[in-house]
Amino acid sequence: MCVGVPAKVLERDEYTAVVDVLGSKVTVGVIMVSDVKVNDYVLVHAGQALAIVDEEFALVSMEEWRKLADARDS
Amino acid sequence: MQEILKETSNPQLSLKLLEQVKLLAADYIKKYGRRPAFMEVCGSHTMALARTGIKKALLEHVRLISGPGCPVCVTDQKSIDAMIQLSEGDNQIICTFGDMIRVPGSKHSLMKVKTEGKDVRVVYSPLDAVEIAKKYPDKEVIFLGIGFETTIPVLVVALKMAEELGIRNFSMWFSTKLVEPILRSLLESGEVELDGFLLPGHVSVVIGKDSYQYLVNEYKMPGVIAGFESVEILSSIYKLIKLQLDNDINIINDYRSMVTDQGNPVALALMDKYLEPVDEAWREIGVIKNSGLDLKKEYDYLNAKVRFPVEVREPRKTKCRCGEIIRGLISPEECSLFAKACTPLHPVGPCMVSGEGTCAAHYQYMRED
């Protein structure tokens, strides 16, 4: 039920945006992420964007995972 | 960005992280003489833990307990029966999320009602139901609104749209649940021994990291907000063990690309405008004070419970043990019906029906035979 998918914003209107979800073009509501811009990634749940993905934090997380993976040898 | 998204489910990285989790769990076991026990309280986590194989791979290292995270599963039988009875009315179109359609009621399911000729539709978004109401002005369109905080603001957007468009043949039957009251109830019952919570990433998008501070302040219970891919989940389990080993009782936001400290202010404001806390009944747990949200009185015209009230009897008892499963007291294999009388094709309880139910997850991914 709480499934959310990341999607890239291709076009945006006042209340809606066309996003790319795994290669499919879908129209979603953007009333809850009013700052969203074309090329941003958003989290989509049940037809509404709930968050704009923060790329800076996403990058920090990726670096952290890679470091953690080599934290110590088994 | 695509590269980062792919990295969240990178198999090599996942395997390396799995080894690191096992090593840290070994430290924990050495220190405390038992496995660390963590509960996930999101159905999408339940399914992800089973689907990725993490739960099985960590069986001897970390005790992962599924909690009350699947909205359909935690909805009490009487509410399910009421929604099914509602759907038997005439001159109406019932719209719902896919999870609801096969949930067994005391008499039958929405699917059965549909096959008997009533207009019951599965929609992807509640807004689709508003569109249906626009298209069929001579029918009453009722959306069965279930879900936790991730879904609740999406339900409200549909109500707002119906209100703004002046659509008077649309209403919603609310049966929503909130995370905080059920976590408090679980902790206060003391029924399950826990060392921390794997906190729901998408609920947290709405309510924010700071909303969990009561876990630390009042219950001395750590939590890590987790994403849903294998690398994200393993990272969060690792951090939970580390918090306990370091005796650092805290909340960590391990999904910072999505979750902020304060949550989504627009979503929270929308919920606040239309909804108010109500006592909700949880499956075999009973009524928990202010554990759900329903429409405020001034929106009675959008409230299906007010416009189309139904009376249902007390539901009959079955041997289904969903109530114990959602509280983390037993695993599905301990229920005598599991994989015998109760299967995804012939489910006895909601935990086997829902795509996020613990029984469905175990049936699909964790059975030995």
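The rows are residues; the columns are (1) under 17 Å from the mean Cα position of the chain (by Cα); (2) on the phi < 0 side of the Ramachandran plot; (3) modelled with pLDDT of 95 or more; (4) not hydrophobic (A, V, I, L, M, F, W, C).
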| residue | (1), (2), (3), (4) |
| --- | --- |
| B:E284 | yes, no, no, yes |
| B:L295 | no, yes, yes, no |
| B:N303 | no, yes, yes, yes |
| B:R313 | no, yes, no, yes |
| B:E333 | no, yes, no, yes |
> If we scan region B:128-137, do we find a residue that is farther than 17 Å from B:V306 by Cα and not in a helix (DSSP H, G or I)?
Replying inline: yes
>> Checking the condition more than 14 Å from chain A (Cβ to nearest Cβ), out of contact with any His (no Cβ under 8 Å at 6 or more places or on another chain), surrounded by fewer than 22 Cβ atoms within 10 Å (Cβ to Cβ) and of a type in the set (D, E, K, R), which residue from B:D272, B:D248 passes?
In response: B:D248
>> What's the total number of residues in region B:287-297 that are surrounded by fewer than 19 Cβ atoms within 10 Å (Cβ to Cβ) and in contact (Cβ under 8 Å) with a residue 40 or more places away in the chain?
In response: 3
> Does B:C351 count as touching a Gly at 6+ places or on another chain (Cβ under 6 Å), farther than 27 Å from B:D195 by Cα, buried (at least 16 other Cβ atoms within 10 Å of the Cβ) and of a type outside the set (D, E, K, R)?
Replying inline: no
> Which of the residues belonging to region A:38-74 are facing chain B (nearest Cβ under 7 Å) and on the phi > 0 side of the Ramachandran plot?
Replying inline: A:A46, A:G47
> Filtering region B:162-194 down to residues that are part of a strand (DSSP E or B) and within 14 Å of chain A (Cβ to nearest Cβ), which residue is nearest to the chain's Cα centre (by Cα)?
Replying inline: B:T176
> What is the residue count in region B:9-43 for residues that are in contact (Cβ under 8 Å) with a residue 60 or more places away in the chain, farther than 27 Å from B:V205 by Cα and of a type outside the set (S, T, Y)?
Replying inline: 5
> When region B:108-127 is examined, which residues are found to be outside any helix (DSSP H, G or I) and more than 14 Å from every other protein chain (Cβ to nearest Cβ)?
Replying inline: B:H108, B:S109, B:E116, B:G117, B:K118, B:D119, B:V120, B:R121
> In the list B:A50, B:A25, which residue meets the criterion of being touching a Lys or Arg at 6+ places or on another chain (Cβ under 9 Å), small (G, A, S) and within 14 Å of another protein chain (Cβ to nearest Cβ)?
Replying inline: B:A25
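Residue-wise test of (1) crowded, with 19+ Cβ neighbours inside 10 Å; (2) without any contact (Cβ under 8 Å) to a residue 60 or more places away in the chain.
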site: B:V179; (1), (2): yes, no
site: B:E193; (1), (2): no, no
site: B:P200; (1), (2): yes, no
site: B:D210; (1), (2): no, yes
site: B:G227; (1), (2): yes, no
site: B:E280; (1), (2): yes, no
>> If I filter region B:75-95 for residues that are within 14 Å of chain A (Cβ to nearest Cβ), more than 21 Å from B:A158 (Cα to Cα) and modelled with pLDDT of 90 or more, do I get at least one hit?
In response: yes
> What number of residues within region A:1-47 satisfy the criterion of being of a type outside the set (D, E, K, R) and part of a strand (DSSP E or B)?
Replying inline: 20
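The values are calculated or read from the model by the stated rules, or taken from the named source; none is laboratory data. Small disclaimer: the values here were computed from a predicted structure and weren't measured. Virtual Cβ from ideal backbone geometry, glycine too; neighbours counted across all protein chains shown.
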